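Colleague: Structure incoming, see below.
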Amino acid sequence: MRSLLVAGALVAASVWGVMRELPEGEAHAGPRASRPREVESVALDGPTDLPAAALRDVLATRSGDQLDSGRLAQDRVALQGALVARGYLAAQVGEPQVSFDEDGGAFVTFPIERGAQFHVRAVAIEGAAAKDAGVVTLGAGEVVSAPRLEEARQALATRLASRGKPSRVAVQMSTDAGAADITFVVQR
């Protein structure tokens, strides 16, 4: 019993000695916690020719923000969407990797496998007359980009509406080996 009391006293004395050596304000904080879970940087890990500036523009997470797993999940989806919109239909954005420094600062990295950029192989229009289909100027060899597909879809819908025709137009796409076949379907 006496040895337990002596051991307890030695532990208490050593803890008190360590706490005495810490700068004021850190005696109760444990490890330094000046920036707990604050984002220090966000990096994109992928090919060197990634459109980094455009991809960074879609991120909600910025340096100085508090780390938020929900926001990181949204950023992952936004990065994937931005790559697909640029024709990288097979792009993969991995789960964000987060590491911390000794102060609690977070460093976030999104692993990106861009894949091949898809190009239009063929364009077809179903349910519209040839004179209406002529407004679709999307052509073979172009990069499959979301803005360009929407522009072509809208041009056909506008042309049909101006002639009093059904103007709901859907875009269907089939892909293989870096090429895409695009079909604009007029829905009645």
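Colleague: Counting residues in region 39-113 as N, plug N into 2.2 N^0.38 Å and put the Cα Rg over that result.
Modeller: 1.07
Colleague: Now for a different question. Between Q74 and A43, what is the spin-label point distance in nm, taking each point 7 Å from the Cα along the Cα→C-beta axis?
Modeller: Placing both labels 7 Å beyond Cα along the Cβ direction yields 2.5 nm.
Colleague: Going highest first, how would you order 115-121, 86-92 by mean Cβ packing within 10 Å?
Modeller: 86-92, 115-121
Colleague: Check each of the GluC sites (Glu not before Pro) in region 38-115 and keep only those in coil by DSSP with at most 15 other C-beta atoms within 10 angstrom; list them in order.
Modeller: E102
Colleague: Treating only the Cβ atoms of Lys and Arg (+1) and Asp and Glu (-1) as charged, compute the dipole magnitude of region 105-151 about its Cα centre; round to the nearest 20 debye.
Modeller: Charge dipole of region 105-151: 120 debye, to the nearest 20.
Here, each number is a calculation from the coordinates, and none is a lab measurement. On a predicted model such as this, the values are computed, not experimentally measured, just so you know. All Cβ positions, even for glycine, are placed from backbone atoms using ideal geometry, and neighbour counts span all protein chains on display.
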